[in-house]
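Student: Please find one structure pasted underneath; my questions will follow.
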Amino acid sequence: MGDLLKGISSFRGAVFPDHSALYRRLAHEGQSPQALMISCADSRVMPETITQSGPGELFVCRNAGNIVPPFQTMNGGVSSAIEYAVVALGVRDIIICGHSDCGAMKGLCHPDLLGKMPNVAAWLKHSHAAHSIVCEAYPPNMNEKEKIRAVAMENVVVQLDHLRTHPSVAAKLAKSEVTLHGWFFDIETGDVLVYDGAAARFTEIGDHQNLPVAVKGRGVPHVIPATAQIAAE
């Protein structure tokens with residue numbers, strides 16, 4: 001706590017004065033973030049630092065394993081954050097960001113480690129598909145580090161699929177008003193890999209390269225099919 005208190009003191013004395021006008025504007029005008037990022041709660045993964053975002057620019061939801069439960073009527077923090085970001089704030093981009101050396105993915109691969117953490121074990125059920133994909137579709141001779149990394153990457157893709165089940169997201173995709181992104185942050189190198197939905201793979205990005213996307217808005221037909229008109233009559 002001592003270090004945290006020193007940090008608060010430093011922020012108030014050295015950082016805030018230079019940005020007081022920005023914070024004052026945000027306090028009066030509210031927030032209008034560019035994107036929603038759903039990332040892991042791992043203390044080594046800091047979305048604002050990775051993207052170099054300032055106050056008000058990024059709406060962040062963090063949890064163990066960067067998980068998005070499929071939509072259901074039961075309320076949940078992740079589902080509420082998604083709905084609020086999309087409906088109330090009007091974000092046009094949603095990013096799911098996984099990372100290397102993920103403790104949640106280690107627990108997924110080794111359920112025995114979660115014996116004293118029943119809530120974590122239950123939460124990770126939303127990632128079981130990623131584990132199954134790696135176990136059945138990847139080479140069986142991968143070492144432990146390679147397997148954890150593969151599961152973490154597949155987990156990003158699985159959570160993107162879950163994200164599309166949320167009505168607010170599905171509606172915005174149908175109107176081409178939102179784009180979905182899958183990222184993977186390598187803690188050791190600082191690299192960010194981006195999921196290319198068209199190629200179905202993660203790819204490195206250069207400083208001036210167009211950013212691949214996972215899921216683009218599809219739009220809806222402007223003309224209702226004749227069969228639908230007949231059915232409506």
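Student: When you go through (1) within 19 Å of Asp161 (Cβ to Cβ); (2) surrounded by fewer than 16 Cβ atoms within 10 Å (Cβ to Cβ); (3) in contact with a Ser or Thr (Cβ under 7 Å, 6 or more places away or on another chain) one by one for Gly76, which number turns out not to apply?
Tutor: (3)
Student: In segment 151-205, what count of residues is obtained for those that are touching a Pro at 6+ places or on another chain (Cβ under 9 Å) and of a type in the set (Asp, Glu)?
Tutor: Residues flagged as touching a Pro at 6+ places or on another chain (Cβ under 9 Å) and of a type in the set (Asp, Glu) within segment 151-205 amount to 2.
Student: Hey, another quick one. How many residues does segment 165-192 hold that are farther than 16 Å from Ala35 by Cα and touching a strand residue (DSSP E or B) at 6+ places or on another chain (Cβ under 9 Å)? Steps first, answer last, please.
Tutor: Let us first name the residues in segment 165-192 that are farther than 16 Å from Ala35 by Cα, namely 165-167, 170-171, 174-175, 184-192.
With the extra rule that they be touching a strand residue (DSSP E or B) at 6+ places or on another chain (Cβ under 9 Å), the set shrinks to 184-187, 191-192.
Total satisfying the criteria: 6.
Student: Now for a different question. Here is a list: Glu177, Glu146. Which entry is at pLDDT 95 or above and over 27 Å from Gly90 (Cβ atoms)?
Tutor: Values: Glu177 fails: over 27 Å from Gly90 (Cβ atoms).
Only one candidate passes the filter, namely Glu146.
Student: If a residue must be over 20 Å from Val215 (Cα atoms) and surrounded by fewer than 15 Cβ atoms within 10 Å (Cβ to Cβ), how many such residues does segment 61-73 contain? Full working, then the answer.
Tutor: Of segment 61-73, the ones over 20 Å from Val215 (Cα atoms) are 62-65, 72-73.
Adding the requirement that they be surrounded by fewer than 15 Cβ atoms within 10 Å (Cβ to Cβ) leaves 72-73.
Total satisfying the criteria: 2.
Student: Can you tell me which residue is modelled with the lowest pLDDT among those in segment 1-41 that are closer than 30 Å to Val156 by Cβ and polar (S, T, N, Q)?
Tutor: Of everything passing the filter in segment 1-41, Gln34 is modelled with the lowest pLDDT.
Student: If you don't mind, there's one more thing I want to ask. Which residue is surrounded by the fewest Cβ atoms within 10 Å (Cβ to Cβ), if the candidates are limited to segment 135-156 and must be hydrophobic (A, V, I, L, M, F, W, C) and touching a residue at least 40 places away in the same chain (Cβ under 8 Å)? So that I can check it myself, show each step before the final result.
Tutor: As a first pass, look at segment 135-156 and keep what is hydrophobic (A, V, I, L, M, F, W, C): 135, 137, 142, 148, 150-153, 156.
If we keep only those that are touching a residue at least 40 places away in the same chain (Cβ under 8 Å) as well, we get 148, 151-153, 156.
Numbers: Ile148: 21, Val151: 25, Ala152: 26, Met153: 23, Val156: 24.
It comes out as Ile148.
Student: Considering only residues that are in a loop (DSSP other than H, G, I, E, B) and closer than 17 Å to Asn63 by Cβ, which ones fall in segment 166-186? Don't jump to the end; show me each part of the working.
Tutor: Residues of segment 166-186 that are in a loop (DSSP other than H, G, I, E, B), as a first pass: 166, 175-178, 186.
Across segment 166-186, the qualifying residue is only His166.
The values are calculated or read from the model by the stated rules, or taken from the named source; none is laboratory data. Please read these numbers as outputs of a predicted model, since none were measured by experiment. Every residue, glycine as well, gets a Cβ built from its backbone with ideal geometry; the counts of neighbours run over all protein chains shown.
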